[in-house]
Structure formats: C-alpha cells, structure tokens
Amino acid sequence: MAKEIRTIGVMTSGGDSPGMNAAIRAVARACAYYNVKCIGFYRGFQGMIEGDHCVLNARSVRNIISSGGTILKSARSEEFRTPAGRKKAARHLKELEVDAMVLIGGDGTFRGGQIFSEEYDISVIGVPGTIDNDIAGTNYTIGYDTALNTVIDAIDKIRDTASSHDRLFFIEVMGRDSGFIALNTGVGAGAEEILIPEEDMGLDRLLESLKRSKRSGKSSSIVVVSEGDKIGKNVFELADYVTENLPDYDVRVTVLGHVQRGGSPTCFDRTLASRLCVKAVESLLDGEKNVMVGLLNNEIKMTSFEKGLKEDHGVNKELLRISDILST
Ligand code: F6P
C-alpha cells in the first residue's frame with residue numbers, strides 16, 4: 001500500500017526561470033486544497049542539506065504568480081552530489097516529517113532527485129523548470145516561452161539599430177547544450193543564420209550565406225548563436241572571423257545573457273506551471289514517485305526519471321530549413 005503523504009516539500013534548483021513562482025504557488029495552493037502541509041526549501045538541494053526552510057500556506061504565496069525569479073531562491077549544490085550531502089538532506093526531511101518532494105528545475109535537478117529517491121524513502125516528482133527547454137518528457141519547460149519572448153523583443157530592437165547602420169550583428173542567446181532558444185527566436189526574428197549546438201553548420205557555410213545576402217541587396221543582418229554552438233567558436237571569435245574574411249561587413253556582437261532568465265512570466269508559462277504542479281501534488285497523493293510531470297501533445301503525462309533523462313528530446317531541425325528558405 002502506498003504510504004500516506006501528510007507533508008510535501010518543494011524547492012527550485014539550477015538556473016532559475018520565469019514561472020517558477022507560479023509553480024511554487026500551485027504546489028502550495030494544491031497542498032492547502034488537499035489538506036497537506038507544504039514546506040518550501042531555500043536554494044534547492046542546498047536548503048535541504050542545511051534544513052533551511054519555511055512553511056508555505058495558501059496565503060504565503062499570494063501575488064507571486066506574475067513575478068520572475070523564485071521566492072525560494074535557486075542554486076546548484078555541489079554538496080548534494082556527495083552521499084554525505086544527501087544523507088544530511090534526508091535527515092532534515094525526516095526531522096520535518098516530509099514524505100514527498102516536488103523538485104522544480106532542469107536535468108541536473110532531476111538527476112539529483114533520482115539518486116536521492118533511490119537511496120531514501122522519499123517520493124519525488126520533478127517539474128521541468130528551465131529556459132533551455134531541453135528535457136525529454138515534456139514539449140515545454142516552464143520559463144522557455146517567456147525567454148523566447150524576451151529574446152525576440154531584444155532582437156527586434158537590435159534589428160532597428162542594425163538597419164540604421166547597415167551592420168551585421170551576432171547575437172548570443174542561452175542554451176549551453178541545446179539550441180531551442182536560438183532556433184525558435186532565429187526563425188521568429190527573421191535571422192540570416194542560426195548556429196546551434198546540435199548541428200555543425202561550418203564556417204564556410206556561414207561566409208557563403210553572408211556573401212549571398214550582400215549580393216541579394218541586404219544591408220543589415222542578424223545571426224543568432226546559441227552559447228554552445230557546434231562550430232566551437234564563441235560569438236566574439238565568430239565576429240572576428242567574419243570581419244577578417246568579409247571586410248565589407250561592419251560587425252557587432254550582443255550577448256543577451258541573464259536578461260533571458262528574468263521578467264514576468266507569459267500567460268503560457270503561468271498556466272503550464274499551474275497545470276504541472278497541481279498534477280505533481282495530486283500524483284504524489286496517489287502514490288506516484290520517481291517521475292517527472294510534463295506536457296506532451298497538450299496532455300499532462302508522467303515520464304520516469306530514467307526515461308526522461310535518457311531520451312533526447314531533440315530540437316526541430318526542420319526549423320533550420322525554414323530559416324534557410326525565409327532568409328533568401
Ligand atoms: O540552464 C539554464 C542556463 O540559463 C543555461 O542556458 C546557461 O548556460 C546557464 O544556465 C547559465 O548558468 P549560470 O547562471 O550559472 O551562469
């Protein structure tokens with residue numbers, strides 16, 4: 001028989017993402033609705049290790065649905081990678097009588113949750129929260145949509161000045177190992193080229209494409225580069241390379257950086273966070289554990305951590321073809 005769940009813990013871990021507060025709110029409110037105690041841990045796994053926590057009732061999460069960041073703060077904990085760290089965390093959860101945890105974060109968070117639940121009798125459910133959208137088991141992660149809109153807004157502004165000065169801009173977007181942000185904003189903002197970690201486009205192709213656009217009468221261009229792009233050069237090196245080989249181009253670089261992780265979440269991210277977290281709490285109460293909750297074809301589905309972490313939820317490379325056609 002599944003153990004009775006009387007207290008559920010929640011934390012946010014890894015790189016923060018817009019919508020994490022909406023997620024915390026949904027966990028706390030669902031717990032209140034089902035008469036379950038809710039405890040929030042600060043700074044992800046580190047707060048669990050240190051026992052740094054607060055009790056969350058329905059009112060403690062008022063007015064946070066619209067705010068970026070995370071009221072529980074976030075961190076990447078080195079200590080939790082060690083058995084000793086996890087032991088401390090388990091001890092604190094036991095002292096606080098926490099029966100189950102909702103872990104909001106990316107793949108590193110899920111990996112930590114998987115090991116932890118194998119070692120200790122704690123039911124764990126992962127909720128995908130990262131701007132990178134690089135988690136199998138969901139079509140969308142919380143924060144990704146907001147980040148896309150932040151990036152599009154920035155590129156549109158850069159395009160104005162690029163056009164006034166007839167310049168070529170290299171714009172670096174986040175996504176260490178994944179090109180979701182680059183690919184979708186590149187198409188959405190009408191970029192000349194999109195460079196992503198999943199595909200080696202080659203420097204020759206980049207030069208050819210830029211020469212072609214000059215010939216076709218374009219006076220300004222945007223190249224969107226994912227921070228982990230496969231050509232292996234960072235955005236400044238790419239800009240130097242193009243300047244050396246195509247001196248006609250007046251090249252500038254913009255690194256969008258952490259601006260992509262902030263801001264008020266879009267309606268999509270708020271709704272996604274709300275749906276996933278209500279389901280996470282309900283599933284824990286139903287005895288579910290060691291799974292992640294995700295949105296697949298607009299249905300909320302559970303995927304085992306093992307499958308979710310193993311499978312590659314690849315970017316849609318068809319978008320590269322679309323981009324090629326539309327940058328003619
Ligand atoms: O995983 C989310 C992410 O924003 C990545 O896109 C990026 O590479 C990384 O976090 C940056 O991490 P930090 O905030 O530690 O610099």
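The values are calculated or read from the model by the stated rules, or taken from the named source; none is laboratory data. It should be emphasised that the depicted structure is a prediction, and the values quoted were computed from it without experimental measurement. No Cβ is skipped: glycine too gets one built from the backbone with ideal geometry, and neighbour counts run over all protein chains shown.
Here residue 272 meets each of (1) more than 28 Å from residue 14 (Cα to Cα); (2) in contact (Cβ under 8 Å) with a residue 60 or more places away in the chain with one exception, condition (1).
In the set (1) away from the ligand (no atom under 16 Å from the Cβ); (2) within 18 Å of residue 317 (Cβ to Cβ); (3) touching a Ser or Thr at 6+ places or on another chain (Cβ under 7 Å); (4) outside any helix (DSSP H, G or I), residue 187 fails one condition alone, (4).
Per the listing 98, 10, the residue uniquely in contact (Cβ under 8 Å) with a residue 60 or more places away in the chain and closer than 25 Å to residue 269 by Cα is 10.
Here the condition is being at pLDDT below 95, acidic (Asp, Glu) and either within 21 Å of residue 54 (Cβ to Cβ) or within 27 Å of the chain's Cα centre (by Cα) (or both); of 95, 118, it holds for 118 alone.
If only residues of segment 34-65 that are touching a residue at least 12 places away in the same chain (Cβ under 8 Å) and in a helix (DSSP H, G or I) are counted, the one that is farthest from the ligand (Cβ to nearest atom) is 60.
Here segment 215-250 is the region considered, the condition is being of a type in the set (Gly, Ala, Ser) and at negative phi, and the residue that is surrounded by the fewest Cβ atoms within 10 Å (Cβ to Cβ) is 216. Could you grab me the full set of residues in segment 140-179 that are surrounded by fewer than 17 Cβ atoms within 10 Å (Cβ to Cβ) and not small (Gly, Ala, Ser)? Residues satisfying the conditions are 152, 153, 156, 157, 160, 161, 165, 166, 176, 177.
Yes/no matrix, rows are residues, columns are (1) modelled with pLDDT under 95; (2) under 15 Å from the mean Cα position of the chain (by Cα); (3) more than 16 Å from the ligand (Cβ to nearest atom); (4) within 21 Å of residue 139 (Cβ to Cβ):
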site	(1), (2), (3), (4)
245	no, no, yes, no
250	no, no, yes, no
255	no, no, no, no
258	no, yes, no, no
262	no, yes, no, no
266	no, yes, yes, yes
271	no, no, yes, yes
277	no, no, yes, yes
285	no, no, yes, no
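With respect to the conditions (1) surrounded by fewer than 24 Cβ atoms within 10 Å (Cβ to Cβ); (2) within 15 Å of residue 293 (Cα to Cα), residue 116 lacks only one, and its number is (2). Taking segment 290-328 as the range and being loosely packed, with under 14 Cβ neighbours inside 10 Å, among the β-branched types (Val, Ile, Thr) and at pLDDT below 90 as the test, only 328 passes. Annotation: residue 201 fulfils all but one of (1) assigned to a loop (DSSP other than H, G, I, E, B); (2) closer than 16 Å to residue 320 by Cβ; (3) within 16 Å of the ligand (Cβ to nearest atom); the unmet one is (3).
Looking for something in contact with a Lys or Arg (Cβ under 7 Å, 6 or more places away or on another chain), within 16 Å of the ligand (Cβ to nearest atom) and modelled with pLDDT under 95 - is there at least one such residue anywhere in segment 228-239?
So far as segment 228-239 goes, yes, one or more of its residues are in contact with a Lys or Arg (Cβ under 7 Å, 6 or more places away or on another chain), within 16 Å of the ligand (Cβ to nearest atom) and modelled with pLDDT under 95.
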